[in-house]
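Asker: Below is one structure. I have some questions about it.
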Amino acid sequence: MRAHRGVQAVLYKQLAEIFGYGAFDGYFSLLVPDGLSGHDGIVRRAETLAAQAKTHGARLYEPYHLFPAPGGLLHWADTEQAAGFYWLTEGPDPNKWPTLSTEDDYREWDRFDGSTAEFVFRLLTDPDRPHSTARWFDTHWFMTYGGHA
């Protein structure tokens with residue numbers, strides 16, 4: 001699957017290149033492009049989720065579908081507390097895809113209409129955002145896990 005063709009939104013790509021494999025506040029981790037971390041990158045995760053959905057069904061993600069389905073969910077980040085962050089791949093411009101976030105029970109989805117960089121900024125600074133680190137930290141850091149390009 002050539003999933004990376006459409007998912008390298010400029011701001012996400014810049015975040016991944018600047019920070020690499022690691023976590024903001026030791027909590028919020030980007031799924032970097034495959035090869036930067038040697039671990040579960042964004043393309044590999046998309047392939048894994050699609051294979052699991054084919055085998056076990058995708059009811060967990062309803063009312064959405066998984067990428068590469070048109071308008072499907074593409075997992076691009078998660079937290080140590082099992083929250084997942086997905087782009088809703090609606091429309092041809094990846095820079096305009098909204099972010100959907102959910103807990104690991106997948107019962108409720110929170111939508112954010114804005115850039116990936118703005119989403120990360122708000123997650124770190126706005127205590128009213130779902131899954132925000134600003135509730136717990138006044139200052140922020142990035143913890144690298146190695147494998148930085």
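Read-outs throughout are calculated quantities, based only on the coordinates presented, and are distinct from any laboratory measurement. Everything numeric here is computed off the predicted structure, so don't read it as measured data. Glycine also receives a Cβ, built like all others from the backbone with ideal geometry; neighbour counts cover every protein chain displayed.
Asker: Regarding the range 109-116, can at least one residue be identified that is surrounded by fewer than 17 Cβ atoms within 10 Å (Cβ to Cβ), acidic (Asp, Glu) and in a strand (DSSP E or B)? First the steps, then the outcome.
Answerer: The first filter runs over the range 109-116 and keeps only residues surrounded by fewer than 17 Cβ atoms within 10 Å (Cβ to Cβ), leaving 110-111, 113-114.
Retained after the next criterion (residues that are acidic (Asp, Glu)): 110, 113.
Remaining after also requiring in a strand (DSSP E or B): 110.
The answer is yes; a qualifying residue exists.
Asker: Another one. When the range 38-96 is examined, which residues are found to be touching a Pro at 6+ places or on another chain (Cβ under 9 Å) and in a loop (DSSP other than H, G, I, E, B)?
Answerer: Correct list: Gly41, Ala83, Thr89, Glu90.
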